[in-house]
Amino acid sequence: MLLPGLTLVVSPLLALMTDQLHGLPPALPGAALRSDQKPAQLFGTLDELRAGRLKVLFVSPERLLNERFLSDLRCVPGGVSLAVVDEAHCVSEWSHNFRPAYHRLGRILQSRLQLQGPVLALSATATARTERHLRSQLCIPKEGAYRNDTIRPNLTLAAMRVPANSRDPTLFYMLTKEPEYSEGSVIVYTAFQNQAETVAAYLQTKGVVAKAYHAGQEPKDRARTQAQFFGGSVRVVVATVAFGMGLDKPDIRAVINYSLPRSPEAYIQQAGRAGRDGQPARCVSFIDPQDFTRLRSLSFTDGVDRPTVLKLLEKVFLGKQKDAVAEGRQTVGALIVQKLERELDMRGEVIETVLSCLELWDDAEISRRCAATASEDGADGVEALEGDASNEGVGHLIRVLPDMRATCELRFHGKTPEQLATQCPLVAAVLQIGGKPKAGAYRFSVAEAARRMNDGLEEVSAQLQALSANGEAAYELTDRAVGYEILHPPPDLRQLAAALADHLARVEASTVEKLDTVYGALVAAADCEDDESQGASLRTSLEAYLGGDGAFHVPDLADVVSKEEPRRLRDDVRELLTTRSGGKTGGAGAMSARAVARVLHGLGSPAYPAQEWRRNDIGKRMWEKYVGTDFNLLVKVASEELLAMRGVVRQK
């Protein structure tokens, strides 16, 4: 029996959508809305949707941020009978900074789409804690959760210590001399795109039919490599995590982790791509302490401190709400992400994650989190603070709007702006904003125009289109931005900034713990005597991890991550604290403590890009100098030295 309405499938990757669409039976007419479609294809699919001729529609989570598309879904004949969320773990921990749209999915489905049917969430890597988050965010009852075996019994799991300088020859030997790896299709996973390219090139020079695959390649090149791998003309694919999600090739005989997986979940996903035909297959991971140290360092790339979060909140809220309330206007804003990245030294994904939290947390949620932060309690109870997406709550702070352009240049034809202003509220708003035209063009903020009009951003867009259609003006939109509507201001920006920063710190700590966990599990397995005991060790570790709260005993990492303060560290920190971006000196405390720690770990950031630091004297000396020292220790020392320097300045 077919469901009466539409089945909406939310899928994270274009290749995954294509594979799933091709797998539909003839009785289920389906389509996909993809970012790489031509306009004619896109509009044709939307026409089919509105006419009710589709039973299954595949979309990305970002598509559900589009208000017009949501309006189309609400009007589909028969409605949306079922929402399917594939790779659903992204709704929980993995969504932070990975795909912010996944983070907002529960609220969009329940509140904006007003979904009446059930939600089916699918994941191969959900811990017990992740499962609780999913059920809360997607309104799935506890009895609606089902689990099966973590790793199929036909897979042989193994780990081996391989130093960095031996990885290439070891890999080549395995692929050409060892029967388990020299026959059949093999995936080799690397951590970085350039690594995938160099390893594939090395294998090619040695006569192995191998190709690289990663997100930095053109879509047509990736599609060609995947087709060749499926067809058997390419035996080995050397890839980043971009390859394999939803991959349905049953006869992959081996998966080799050339680089350390970044989490137990990643390991399970990658290993699970082997042996789907039920025949024996092998999964082996290379272990190298240097590899682990570098990946652990990279886990701190996205971190932010409380003052930085506070600056972001000030840009979101300060001035806008007060003026709007006083003048009876709607409160909308826009953040130009690319500009803010450099100004705040905060990556765009983190900015969007903060905005997602501001949209999701209601007053009760904010009160709980602020109280937990103030009392330094609740750091280990993140799931207890998760809101319920089915409950709109009271007093959500903002509503995040679809992607927009923040700046408009408007040129008038025929009538003067003053003449048009009597008929067009947008033109009147542009004149109120002020500013003389340059080269005949009025340049203005789209969000400010909406505030002056006491209307939404959609109305600004509609009036621009009308002016253009009537031949009265031409316009150009620039500066990609995230738009938002302020529903009500937070009572205390500082408390909210502290709660958000602590939340992001817990996410960062969880990311580091996941890497420590998978490294510890693989090291423990490598110490076992034979393949059978190695596999048993890994299965026990992974099942304990997934079956519990995602926690696992992490071994002593003192041999690879030092928590002892190096002798010259404070001198180097003081030198960096008088250094500005690009290596220029002057100005006590010009760098934040976290920025200092990043430089010492060799981590580029928007305000301190790697290419700038590598070409100046201090950068050459300091860059990556303390990568083996615990990152949090570096932040602590830099914070202490920063306070000391500020104390000296105040005494002057």
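The values are calculated or read from the model by the stated rules, or taken from the named source; none is laboratory data. Model, not experiment: these values are computed from the prediction. So basically every Cβ, Gly included, is an ideal-geometry build from the backbone, and we count neighbours across all protein chains shown.
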Result of the Cβ filter at 6 Å on segment 614-630, keeping first residues that are assigned by TED's automatic domain parsing to the domain that holds HIS601 and touching a residue at least 24 places away in the same chain (Cβ under 8 Å) and partners that are aromatic (Phe, Trp, Tyr) and crowded, with 17+ Cβ neighbours inside 10 Å, at least 6 apart or interchain, is GLY619/TRP613; TRP623/TRP613
May I ask you to verify whether LEU73 is out of contact with any Ser or Thr (no Cβ under 7 Å at 6 or more places or on another chain) and either part of a strand (DSSP E or B) or of a type in the set (Val, Ile, Thr) (or both)?
no
Does GLU183 qualify as being loosely packed, with under 14 Cβ neighbours inside 10 Å, more than 16 Å from SER285 (Cα to Cα), in contact with a strand residue (DSSP E or B) (Cβ under 9 Å, 6 or more places away or on another chain) and modelled with pLDDT under 95?
yes
Given the structure, is MET622 in contact with an Asp or Glu (Cβ under 7 Å, 6 or more places away or on another chain) and more than 15 Å from THR301 (Cβ to Cβ)?
yes
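Which members of segment 14-33 meet the condition of being in a loop (DSSP other than H, G, I, E, B) and surrounded by 18 or more Cβ atoms within 10 Å (Cβ to Cβ)?
Scanning segment 14-33 gives a single hit, LEU33.
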If you go through ARG235, ARG222, ARG253, the only one that is of a type in the set (Lys, Arg) and within 23 Å of the chain's Cα centre (by Cα) is ARG222
Among the residues of segment 425-443, is there at least one that is under 35 Å from the mean Cα position of the chain (by Cα) and either in a strand (DSSP E or B) or buried (at least 20 other Cβ atoms within 10 Å of the Cβ) (or both)?
yes
Quick check on my filter: what residues within segment 372-414 are at pLDDT 90 or above and of a type in the set (A, V, I, L, M, F, W, C)?
LEU397, ILE398, ALA406, CYS408, LEU410, PHE412
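Being over 22 Å from LEU3 (Cα atoms) and of a type outside the set (Lys, Arg) is the filter here; which residues of segment 20-47 pass it?
Listed by number, the residues that qualify are SER35, ASP36, GLN37, PRO39, ALA40, GLN41, LEU42, PHE43, GLY44.
So that you can scan it fast, the table gives a plain yes or no per residue for (1) assigned to a loop (DSSP other than H, G, I, E, B); (2) assigned by TED's automatic domain parsing to the domain that holds LEU603; (3) not basic (Lys, Arg):
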residue	(1), (2), (3)
LYS211	no, no, no
GLY216	yes, no, yes
VAL238	no, no, yes
ARG253	no, no, no
ILE256	no, no, yes
SER259	yes, no, yes
GLN270	no, no, yes
LEU310	no, no, yes
Output for Cβ contacts, cut-off 6 Å, separation at least six or different chains, first residue touching a residue at least 24 places away in the same chain (Cβ under 8 Å) in segment 355-366, second surrounded by fewer than 21 Cβ atoms within 10 Å (Cβ to Cβ) and part of a helix (DSSP H, G or I), reads none
Residues that are surrounded by 24 or more Cβ atoms within 10 Å (Cβ to Cβ) and among the small types (Gly, Ala, Ser), drawn from segment 276-295:
ALA281, SER285
